[in-house]
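What follows is a set of notes on a single structure, which appears directly below.
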């Protein structure tokens, strides 16, 4: 009888953990306000998990679960600085995320891509002193970035498939006047996760450690 109870409990536990993992394993659509300090912009992106490691610590009165997650993201962003330049950039990030069973998470993410700047109205002057407006003045640059994020996965707490987050980043453009140009940014956004959109199949690992007293034999 005890063996039957253990088997039923194991099946239920496995089913419950699978449901929790499925909430983490969905592709997310990201929309955010992004500002280069005082200059407004926005960012659109997609995040796809490719690895999730779940670590459980079982105590006598509660279980503490931590998820170590790895994502690849694809992003399109911009900001507008009227007197300097506007910048449109396309890049990918490698997100290294750690999430608790309460849905609170933090992450770091390096990234690479390229950008295109657009200058304010720019003119050229020929030898006769005549001026001519340059259309779409600006340049292409290589882009590297690094960010830190804090957020909450509401899907871990209820049925709303949404994450909210706050993010700080540093973006570097190279080569810029033979060196590089960097700019800090801040970001406030949401991630909408839909299991029917571009289904992800991340590699999932479970690791459990039991700290509760073992049952004494009768």
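The criterion of at least 2 residues that are out of contact with any helix residue (DSSP H, G or I) (no Cβ under 9 Å at 6 or more places or on another chain), farther than 29 Å from residue 109 by Cα and without any contact (Cβ under 8 Å) to a residue 60 or more places away in the chain is met by the following strands (runs of 3 or more DSSP E) wholly inside segment 119-181: 122-125, 131-134.
Of note, residue 23 satisfies the criterion of being on the phi < 0 side of the Ramachandran plot, at pLDDT below 85, in contact with a helix residue (DSSP H, G or I) (Cβ under 9 Å, 6 or more places away or on another chain) and surrounded by 12 or more Cβ atoms within 10 Å (Cβ to Cβ). For first residues located in segment 196-218 and more than 16 Å from residue 59 (Cβ to Cβ), partners that are assigned to a loop (DSSP other than H, G, I, E, B) and at pLDDT 85 or above and lie 6+ apart or on another chain with Cβ distances below 6 Å form the pairs 197/27; 198/27; 200/27. Residue 86 meets each of the listed conditions (1) surrounded by 15 or more Cβ atoms within 10 Å (Cβ to Cβ); (2) farther than 30 Å from residue 210 by Cα; (3) under 19 Å from the mean Cα position of the chain (by Cα) apart from (3).
For segment 182-191, the tally of residues that are under 18 Å from residue 73 (Cα atoms) and either surrounded by 14 or more Cβ atoms within 10 Å (Cβ to Cβ) or free of Cβ contacts under 8 Å to residues at least 12 places away in the same chain (or both) stands at 6.
The values are calculated or read from the model by the stated rules, or taken from the named source; none is laboratory data. Remember, predicted model here, so these are calculated numbers, not experimental data. Heads up, the Cβs are rebuilt from the backbone with ideal geometry, glycines too, and the neighbour counts pull from every protein chain shown.
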